[in-house]
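In what follows, a single structure is set out as structure tokens and then discussed.
The values are calculated or read from the model by the stated rules, or taken from the named source; none is laboratory data. Predicted model only: the values in this text are computed from it and were never measured. Cβ sites come from the backbone with ideal geometry, for glycine too, and all protein chains shown count toward neighbours. Side chains are part of the model used for accessible areas, which takes the heavy atoms of the whole protein and leaves out ligands, DNA and RNA. Shrake-Rupley method; radii C 1.70, N 1.55, O 1.52, S 1.80 Å.
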Amino acid sequence: MPVSPNDQPEVLNLLDDLIAKARAAGADAADAVLFDSASVSLSQRLGKPEKLERSESGDLGLRVFIGKRQAIVSSTDRSATALAELVERAVAMARVVPEDPFTGLADPEQLATSLPTLDILDPDEPATDILIERARRAEEAALAVAGVTNSEGADAGWSRSTIAIAASNGFAGSYGVSRQSLSVSVLAGTGTGMERDYDYDSKVYGSDLRDAGEIGREAGERAVRRLNPRRMKSGRFPVVFDPRASRGLLGHLTGAISGPSIARGTSFLKDKMGERIFAEGITIVDDPHVKRGLRSRPFDAEGVAVSRRTLIEDGRLTTWLLDLRSARQLGLQTTGHAARGTSGPPGPAPANVYMTAGTRSRADILGEIEEGFYVTDLMGMGVNGVTGDYSRGAGGFWIEKGQIAFPVNEMTIAGNLKEMFLNIEAADDLELRFGMDAPTVRIDGMTIAGL
């Protein structure tokens, strides 16, 4: 059975024992990772429950090294017999796989020793009745909005996980994380003129969730605002990204500065270290120490200490996102961004990433635009990480004379991320909500394809 966060010492003992067995079987070094989780998910539609599920799972992975050869095996079976077979299989595999000159564990001086207090585990599991009530209130509030005609349902959820890592270099650490979430999606209009929209929230603590009625009303009002959309003319116009869409730009950035992409030379930013790649005044931060942050962590998946880093400072690129292997390939030091599952090697991943707020309001940024596109939704994955070329389907609203005028859809926006980043202006409305966040941003001169 999966363990609770209160059982973390026992989990570490299990991993330490597994590593000791691997060393005794011939491994020069080893590390092990364990994930245990429990979750509850509930969904309802038009006031009737559709799903109520509880799941529990546990998985562990063992990585062994013989010289510069490594092998990784995983199992959900923690019996003594299964773990003995796991060790035997891992060591046998490591003897025959090709060498990797960049593989290996962290040096002792790189390991996390003093762990911060992050408050990322809510000790209370909500009763099922609480989840039911949240979903009910959210859906009812959405359906009460004039113009809303149907519902795709409301979902409420809770999860709790334990993450534990141990290695033969002396590292052993574990922590618990929790999530609570609420979402609702509704339809407005009738027949072929129906439009859909949604709202949701996710937090570490249930007490921090936005009010269920507020989430429902926002979903309903968004759906109604989208009714009777138009397709607009093609051309080059200013594009304003709603925070719901602008945070996706941060995902393109973190992918482009990921160590493996830089080491392979497959990123459009591979030669841009230290250069200005964003407009002046733009600062982007990666912070694993945000209290109650959705992506906060006390150490990375290789046991390395983590810290707040400024990825972009006044428009200039300051760092790559590195795990141990990509750092060694580049002749650098790891930045503590390693993440991993139980059946694969570590790879870099960001923590809580956000673009700091600008100095002007959203209204001021919109007010200067004679004609433009306010994007609330993006579709498709038309982004080339090698060249930076960007082309995505989009929906939202047309801007006329500085005001939101009417809804538009079936549009495409295109550009190149190198030019887009250099032309970003950030508004002052940043909210830290989802672990990757940006304020409203404006980018001038993008190509819009419509009619």
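Here is how the numbers come out for the structure above:
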{"item": "Rounded percent of accessible protein surface that carbon and sulfur make up, the stretch 187-329, 1.4 Å probe", "result": "43 percent"}
{"item": "Radius 12 Å from Cβ of ARG95, net charge of other residues (Lys, Arg +1; Asp, Glu -1)", "result": "-1"}
{"item": "Crossing angle, helix 80-94 versus the chain [Cα axis fit, 0-90 degrees, rounded to tens]", "result": "90 degrees"}
{"item": "Angle between the chain longest axis and helix 8-24 axis [Cα atoms, degrees, rounded to 10]", "result": "50 degrees"}
{"item": "Cα gyration tensor shape of the chain, rounded if a/c is under 1.5, else prolate or oblate by comparing a/b with b/c", "result": "oblate"}
{"item": "Tensor-based shape of the stretch 23-78 (alpha-carbon gyration tensor, a/c under 1.5 rounded, otherwise prolate or oblate)", "result": "prolate"}
{"item": "Under 14 Å, Cβ to Cβ, from LEU182 - net charge with Lys/Arg +1 and Asp/Glu -1", "result": "-2"}
{"item": "Lysines whose Cα lies under 19 Å from that of LYS272, excluding same-chain neighbours fewer than 8 positions away", "result": "LYS418"}
{"item": "Largest to smallest accessible area among THR318, THR190 [probe 1.4 Å]", "result": "THR190, THR318"}
{"item": "³J(HN,Hα) computed for each position of the stretch 413-428 - Karplus, 6.51 cos²θ - 1.76 cosθ + 1.60, integer Hz, glycine/proline x", "result": "10, 9, x, 10, 4, 4, 6, 4, 4, 5, 10, 6, 10, 9, 7, 9"}
{"item": "Set of lysines with alpha-carbon distance to LYS291 below 22 Å, sequence-local pairs under 8 removed", "result": "LYS203"}
{"item": "Potential extension, LEU422-ARG23 segment - 0.36 nm per residue separation minus Cα distance", "result": "138.5 nm"}
{"item": "Qualifying GluC sites (Glu not before Pro) in the stretch 302-404, DSSP loop, other Cβ atoms within 10 Å at most 16", "result": "GLU368, GLU370"}
{"item": "Environment charge at VAL306 (Cβ cut-off 12 Å; Lys +1, Arg +1, Asp -1, Glu -1)", "result": "-1"}
{"item": "Between 0 and 90°, nearest 10: helix 212-225 axis offset from the chain longest Cα axis", "result": "50 degrees"}
{"item": "Heavy-atom accessible surface of the stretch 16-117: percent carbon and sulfur, 1.4 Å", "result": "52 percent"}
{"item": "Total charge dipole magnitude, the chain, about the Cα centre, Cβ charges on Lys, Arg, Asp, Glu only, Debye to nearest 20", "result": "920 debye"}
{"item": "1.4 Å probe accessible area per residue over the chain, in Å²", "result": "43 Å²"}
{"item": "Length added when fully stretched, GLN403-ARG210, from 0.36 nm per residue minus Cα-Cα", "result": "66.7 nm"}
{"item": "Cα centroid separation, the stretch 187-209 to the stretch 394-430 (Å)", "result": "22 Å"}
{"item": "Antiparallel DSSP beta bridges within the stretch 352-447, as percent of all bridges there, nearest 5", "result": "90 percent"}
{"item": "Restricting the stretch 352-451 to trypsin sites (Lys or Arg not before Pro) in coil, as DSSP defines it, with at most 15 other Cβ within 10 Å", "result": "LYS401"}
{"item": "Label-point separation, THR76 to LEU227 (7 Å along Cα→Cβ), nm", "result": "4.7 nm"}
{"item": "Ranked by how many other beta carbons lie within 10 Å on average, peptides 102-114, 325-337 from highest", "result": "325-337, 102-114"}
{"item": "Proximal aspartates and glutamates relative to LYS48, as straight alpha-carbon distance under 16 Å, when same-chain residues fewer than 8 apart are discounted", "result": "ASP129, GLU133, GLU139, GLU140, GLU152, ASP155"}
{"item": "Whole-angstrom Cα spans of the stretch 1-118 along principal axes, big to small", "result": "60, 34, 27"}
{"item": "Burial ranking of peptide ranges 303-312, 9-18 (average Cβ count within 10 Å, highest at the top)", "result": "303-312, 9-18"}
